[in-house]
Amino acid sequence: MTEIDIFPGMSISNAASSKNEGAVLLRLHPGVYREKVFIKRDDVTVEGMGSSPDDVRIEWDDHAYEIMPDGIKRGTFRSYTFFIKGNGNCLKNLTVENTSFPRQKAGQAIALFAEGDLTAERVVLRSFQDTLFTGPLPFKEKEPGGFRGPTEFDERIPCIQYYRECRISGDIDFIFGSATCYFEECDIISRNGYADEDGNVTAPGSGAPDDEPYGYCTASSAYENVRYGYVFERCRFLNEGCPPKSVYLGRPWREHAGTVLIDCYLGEHIKDEGFHDWGKKEAHETVYYAEYRSKGPGANGVRASFVRSLTSKEAENFSRNKVMSSLHDNLK
């Protein structure tokens, strides 16, 4: 393995694109890296060398509503701070943030765009709308140009990603995409993304209309022929400034969305229904939303009719070993 030391002011993207063959370890020393990172290769590890993820921070502020030189909006998939695509890649002990704010004026603002088999350990991801995109994209876009970005024309190849002891925060659909993902002992933090004209976050309960939720934690677009979507085990669903019963655990970006919670803690901000159907009544028969032994104040509500309560036997099908080994046998 080739090891490369990187310090603030040096380019992470340039180091990753070096012509070194085989596995590469990028050792990021403490500091702030102001860079829009682009990595497209296999077997790259990007590791922060600080004592905590906060010691190494990568930040950028592109957002979907920005008008590009050709007069077209940047859109969701060109808004990322950190893009990584390939297999055998790993992120460790660092923070990736999209600093666009307020969300009302920025729209979607991806912090991490991750496609391919990936492991992330002790990584902090922070934005508001669309913080973490777990590629690949869905097969078809809903409107022309909706997928404009670095993988718009790439083959859609199912992949598996593993997130351990990460902190992921946002407000609207802030974990979304088509990958199979296993989240273990992560903090999933819903933020109050409503703001006034000066960009100040409003007090809980005063920023959103009564009939409008403060957010959705997930928006899976799992493929029909793939066994697993998102699985969260022993995770904590927490919040920053959201009032009680104001956030959904997820909604289906596509009709075969899958999100399962195993032994998770749910804060009081989680709505009684748990999940939302995004107005897709037909998806009631195709989504797989389920919980097993949820606890905390957000676990006590009456769930929507299409949300399953798993038995202990059913929950065994969502163990880390089964999910992480499913890539070779989950395609029909």
For this session: Would you check which residues across the range 16-33 are modelled with pLDDT of 95 or more and over 12 Å from T45 (Cβ atoms) and list them?
Result: H29, P30, G31, V32, Y33
For this session: Could you tell me which of the residues R227, R251, R293 is closer than 17 Å to P213 by Cβ and in contact with a Ser or Thr (Cβ under 9 Å, 6 or more places away or on another chain)?
Result: R251
Exercise. What do you reckon, is R227 more than 18 Å from the chain's Cα centre (by Cα), at pLDDT below 95, basic (K, R) and farther than 18 Å from F306 by Cβ?
Worked result: yes
For this session: Please determine, by comparing only the residues of the range 300-332 that are over 25 Å from Q161 (Cα atoms) and modelled with pLDDT under 95, which one is surrounded by the most Cβ atoms within 10 Å (Cβ to Cβ).
Result: G301
Problem set entry | Unique residue being farther than 23 Å from Y182 by Cβ and within 20 Å of the chain's Cα centre (by Cα) when the list is T76, T95, T131 | T76
Exercise. Where in the range 73-119 are the strands (runs of 3 or more DSSP E), entirely inside, with at least 2 residues that are surrounded by fewer than 21 Cβ atoms within 10 Å (Cβ to Cβ) and either touching a residue at least 12 places away in the same chain (Cβ under 8 Å) or not hydrophobic (A, V, I, L, M, F, W, C) (or both)?
Worked result: 89-98
Exercise. Out of P150, P158, which single residue is farther than 26 Å from C235 by Cβ, touching a residue at least 60 places away in the same chain (Cβ under 8 Å), surrounded by 16 or more Cβ atoms within 10 Å (Cβ to Cβ) and over 15 Å from the mean Cα position of the chain (by Cα)?
Worked result: P150
For this session: For the range 34-49, state whether one or more residues are more than 22 Å from the chain's Cα centre (by Cα) and modelled with pLDDT of 95 or more.
Result: yes
Problem set entry | Total residues in the range 224-255, condition assigned to a loop (DSSP other than H, G, I, E, B) and closer than 16 Å to I175 by Cα | 7
Problem set entry | Some residue of the range 313-324 being among the charged types (D, E, K, R), without any contact (Cβ under 8 Å) to a residue 24 or more places away in the chain and touching a helix residue (DSSP H, G or I) at 6+ places or on another chain (Cβ under 9 Å) | yes
Exercise. Taking the condition surrounded by 16 or more Cβ atoms within 10 Å (Cβ to Cβ), among the basic types (K, R) and on the phi > 0 side of the Ramachandran plot, does K245 pass?
Worked result: yes
Exercise. Can G258 be described as touching a residue at least 40 places away in the same chain (Cβ under 8 Å) and surrounded by 14 or more Cβ atoms within 10 Å (Cβ to Cβ)?
Worked result: no
Exercise. Which members of the range 264-299 meet the condition of being surrounded by 18 or more Cβ atoms within 10 Å (Cβ to Cβ) and part of a helix (DSSP H, G or I)?
Worked result: A283, G298, A299
For this session: Give the residue that is nearest to A219 (Cα to Cα), with candidates limited to residues of the range 300-312 that are β-branched (V, I, T) and in a loop (DSSP other than H, G, I, E, B).
Result: V302
For this session: Assess whether E152 counts as being among the charged types (D, E, K, R) and not in a loop (DSSP other than H, G, I, E, B).
Result: no
Seminar exercise, completed: Residue hits (the range 58-69; surrounded by fewer than 22 Cβ atoms within 10 Å (Cβ to Cβ) and either outside any strand (DSSP E or B) or not acidic (D, E) (or both)) are D61, D62, A64, Y65, E66, I67, M68, P69
Exercise. Between residues in the range 241-253 that are free of Cβ contacts under 8 Å to residues at least 40 places away in the same chain and under 19 Å from Y288 (Cα atoms) and residues that are of a type in the set (S, T, Y) and assigned to a strand (DSSP E or B), which pairs lie under 8 Å by C-beta distance while being six or more apart or on different chains?
Worked result: Y248/Y216; G250/Y216; G250/T218; G250/S220; G250/Y230; G250/T259; G250/Y289; P252/S220
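The values are calculated or read from the model by the stated rules, or taken from the named source; none is laboratory data. Keep in mind the model is a prediction, meaning the values are calculated, not measured. Reconstructed Cβ throughout: ideal geometry from the backbone, glycine too, with neighbour counts over all protein chains shown.
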